[in-house]
1. Residues being more than 11 Å from DNA strand C (Cβ to nearest atom), within 17 Å of B:GLU9 (Cα to Cα) and open to solvent by less than 70 Å² (accessible area, probe 1.4 Å): count how many of those fall in the range B:47-60.
2. For the range B:61-83, state whether one or more residues are assigned to a helix (DSSP H, G or I), over 23 Å from A:GLU114 (Cα atoms) and either modelled with pLDDT of 95 or more or open to solvent by 90 Å² or more (accessible area, probe 1.4 Å) (or both).
3. Yes or no: the range B:64-73 includes at least one residue that is under 20 Å from the mean Cα position of the chain (by Cα), near DNA strand C (Cβ under 9 Å from one of its atoms) and closer than 16 Å to A:THR102 by Cβ.
4. Are any of the residues in the range B:35-46 open to solvent by 30 Å² or more (accessible area, probe 1.4 Å), on the phi < 0 side of the Ramachandran plot and at pLDDT below 95?
5. Can you tell me which of (1) within 9 Å of DNA strand C (Cβ to nearest atom); (2) aliphatic (A, V, I, L, M); (3) in contact with a helix residue (DSSP H, G or I) (Cβ under 6 Å, 6 or more places away or on another chain); (4) farther than 24 Å from A:LEU103 by Cα is the one B:VAL37 doesn't meet?
6. Looking at (1) of a type in the set (D, E, K, R); (2) modelled with pLDDT of 95 or more; (3) open to solvent by 50 Å² or more (accessible area, probe 1.4 Å), which one does B:GLU22 not meet, given that it meets all the others?
7. Any chance the range A:12-19 includes a residue that's surrounded by fewer than 14 Cβ atoms within 10 Å (Cβ to Cβ) and among the small types (Gly, Ala, Ser)?
8. Is it the case, given these coordinates, that B:THR123 is more than 14 Å from DNA strand D (Cβ to nearest atom), open to solvent by less than 30 Å² (accessible area, probe 1.4 Å) and over 30 Å from A:LYS52 (Cβ atoms)?
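The values are calculated or read from the model by the stated rules, or taken from the named source; none is laboratory data. Remember, predicted model here, so these are calculated numbers, not experimental data. Note that we place each Cβ from the backbone using ideal geometry, even for glycine, and neighbour counts take in every protein chain shown. Just so you know, the surface numbers come from the protein's heavy atoms only, side chains and all, with ligands and any DNA or RNA stripped out. Shrake-Rupley method; radii C 1.70, N 1.55, O 1.52, S 1.80 Å.
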Number of protein chains: 2
Amino acid sequence: MMTIAEVSEKFDLSQDTLRYYERIGLIPRVNRNKSGVRNYTEEDCKWIEFIKCMRGAGLPVEVLIEYVGLFQQGDETLEARKELLIEQRNQLIMRIEEMKKTLERLNYKIERYEQAIVAKEKTLKRPEN
Amino acid sequence: MMTIAEVSEKFDLSQDTLRYYERIGLIPRVNRNKSGVRNYTEEDCKWIEFIKCMRGAGLPVEVLIEYVGLFQQGDETLEARKELLIEQRNQLIMRIEEMKKTLERLNYKIERYEQAIVAKEKTLKRPEN
DNA sequence: TATTGACTTGGAGTTAGCTCCAAATGGTAA
DNA sequence: TTACCATTTGGAGCTAACTCCAAGTCAATA
């Protein structure tokens, strides 16, 4: 059992973000003690870690909310959840591909800059010019 | 020479986005004809294509504005531009790495779902249960 | 008992990156 | 000439995803 302060620290997510995630259903509701204070279980932490990971890869909040919703409906939604994940995987693969291409382009561009800088330095060293 | 309508079509960017990019300095200023209408050159198109590519990989608008600004200052900024690109390349590499890990995780999760679904179907077919 | 400090809530505010709008203009077709 | 259409501008509005705030509650400490 952890407090929101500890969970915030552990996952490097602000307390506000943790409350926000819960409010919008991005993580299942966290239990409170008698005085209304959140008590995060291991299970809650796993959700948070999972969501943080997926968000970090750019999966939209909206889609993850849907996933959590399906999960809470039980085994009837196994297929739907699988389909959702497959769709997101496809998107992710495409984004990675796009980024890899851009990376190649950046590599090339940087190389060209290095050449240009060397060429410029040579020019400067040439006497009377 | 192309009109904004043609450029918009060609790069699949709205006319509003093209004007917006120019307004904020994300692409250099485009020349107008006597009546103030934009006339995009080949050069302009190359900038647009470059910016679209970099934005697609998630480079922030702010950083790209800086790059364009440096470019317009001429050869004095070769080194600064190179450094800027290297920094962005590093960020990009990290993001790709993160996404790849998430992709692996999604693959694993989907596999587990497939197993779970098969298991569930077997259960359903067992008589009287 | 009074104060402190972590926590709660609902709601407002912020940021990045567009997207839309209204009013004005200029070229072209009927 | 009149009507139409694409374009212009500055500025307002929008969406996603937080982030901040004020007012209130509770447990623990001085």
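1. 4
2. Looking only at the range B:61-83, we keep the residues that are assigned to a helix (DSSP H, G or I), and these are B:61-72, B:75-83.
Okay, now just the ones that are also over 23 Å from A:GLU114 (Cα atoms), so B:61-62.
When the remaining residues are screened for being either modelled with pLDDT of 95 or more or open to solvent by 90 Å² or more (accessible area, probe 1.4 Å) (or both), the result is B:61-62.
Yes: one or more hits.
3. There is at least one residue in the range B:64-73 that is under 20 Å from the mean Cα position of the chain (by Cα), near DNA strand C (Cβ under 9 Å from one of its atoms) and closer than 16 Å to A:THR102 by Cβ.
4. Just the residues of the range B:35-46 that are open to solvent by 30 Å² or more (accessible area, probe 1.4 Å), to begin with: B:35-39, B:41-43, B:46.
Okay, now just the ones that are also on the phi < 0 side of the Ramachandran plot, so B:35, B:37-39, B:41-43, B:46.
Imposing the further condition that a residue be at pLDDT below 95 reduces the set to B:35.
Yes: one or more hits.
5. Status for B:VAL37: all satisfied but (3).
6. Failed condition: (3).
7. Checked against the condition, which is being surrounded by fewer than 14 Cβ atoms within 10 Å (Cβ to Cβ) and among the small types (Gly, Ala, Ser), the range A:12-19 yields at least one hit.
8. Working: more than 14 Å from DNA strand D (Cβ to nearest atom): yes; open to solvent by less than 30 Å² (accessible area, probe 1.4 Å): no; over 30 Å from A:LYS52 (Cβ atoms): yes.
Against the criterion (more than 14 Å from DNA strand D (Cβ to nearest atom), open to solvent by less than 30 Å² (accessible area, probe 1.4 Å) and over 30 Å from A:LYS52 (Cβ atoms)), B:THR123 does not qualify.
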